[in-house]
């Protein structure tokens, strides 16, 4: 509750809170709310915290003269080795380097990783197939019947084999 008092032609603003504690000399402690400076992460976002260097430093290092984020990235050159696992269970290790804040985003990480680029391309191809199945009436009708569906799949497998052999 905020009250405004007028005293000697000056306006004094005082705030009374339930957190206040009064001391013998007349001072009053006002507890600050730490959450005012920290914004919450939206529910549809994910916060990923990762150690960006393989080894911790032997002793803390004080670095002066770094005046921009680019200077910090150029000095510390953060990088991390990541193990990816494909659908067959095979593991593939790749090194990701971070040269700016943009490298932490989806596009920045995907641009550095061949594995993630391949997954993105595969996802895009699947989305195109789904779009075709939704919009192409002849294809949808062919997929409804078992015989035409099998014939279509056999044709696709034959094309895939031909592409792989080329």
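The values are calculated or read from the model by the stated rules, or taken from the named source; none is laboratory data. Remember, predicted model here, so these are calculated numbers, not experimental data. Ideal geometry is used to build each Cβ from the backbone, glycine not excepted, and the neighbour counts take in all protein chains shown.
Confirm whether residue 82 is under 28 Å from residue 45 (Cα atoms) and not in a helix (DSSP H, G or I). Write out each step before concluding.
Working: under 28 Å from residue 45 (Cα atoms): yes; not in a helix (DSSP H, G or I): yes.
Yes, satisfied.
Name, by its number, the condition in (1) within 17 Å of the chain's Cα centre (by Cα); (2) modelled with pLDDT of 90 or more; (3) part of a helix (DSSP H, G or I) that does not hold for residue 102.
(2)
Please work out which one of (1) surrounded by 13 or more Cβ atoms within 10 Å (Cβ to Cβ); (2) out of contact with any helix residue (DSSP H, G or I) (no Cβ under 6 Å at 6 or more places or on another chain); (3) closer than 22 Å to residue 45 by Cβ is the condition residue 69 fails and give its number.
(1)
If only one of 126, 84 is within 30 Å of residue 160 (Cβ to Cβ), at pLDDT 85 or above and touching a helix residue (DSSP H, G or I) at 6+ places or on another chain (Cβ under 8 Å), which one is it? I'd like the intermediate steps shown before the answer.
Working: 126 fails: touching a helix residue (DSSP H, G or I) at 6+ places or on another chain (Cβ under 8 Å).
The unique qualifying residue is 84.
With in contact (Cβ under 8 Å) with a residue 12 or more places away in the chain and loosely packed, with under 11 Cβ neighbours inside 10 Å as the only criterion, which of 93, 144 stands out?
Numbers: 144 fails: in contact (Cβ under 8 Å) with a residue 12 or more places away in the chain.
After ruling out the rest, the residue left standing is 93.
Do any residues in region 41-68 that are under 18 Å from residue 98 (Cα atoms) have Cβ atoms under 8 Å from those of residues that are surrounded by fewer than 10 Cβ atoms within 10 Å (Cβ to Cβ) and modelled with pLDDT of 75 or more, where the two are at least six apart or on different chains, and which pairs are they?
Hits for this filter: 54/81.
Within region 96-127, how many residues are touching a residue at least 40 places away in the same chain (Cβ under 8 Å) and touching a strand residue (DSSP E or B) at 6+ places or on another chain (Cβ under 6 Å)?
If we filter region 96-127 for residues that are touching a residue at least 40 places away in the same chain (Cβ under 8 Å), which is where we start, we get 98.
Then drop every residue that is not touching a strand residue (DSSP E or B) at 6+ places or on another chain (Cβ under 6 Å), which leaves none.
Of the residues in that region, 0 qualify.
With the checklist (1) surrounded by 10 or more Cβ atoms within 10 Å (Cβ to Cβ); (2) touching a residue at least 24 places away in the same chain (Cβ under 8 Å) in hand, flag the one item residue 85 doesn't pass.
Residue 85 satisfies all of (1) surrounded by 10 or more Cβ atoms within 10 Å (Cβ to Cβ); (2) touching a residue at least 24 places away in the same chain (Cβ under 8 Å) except (2).
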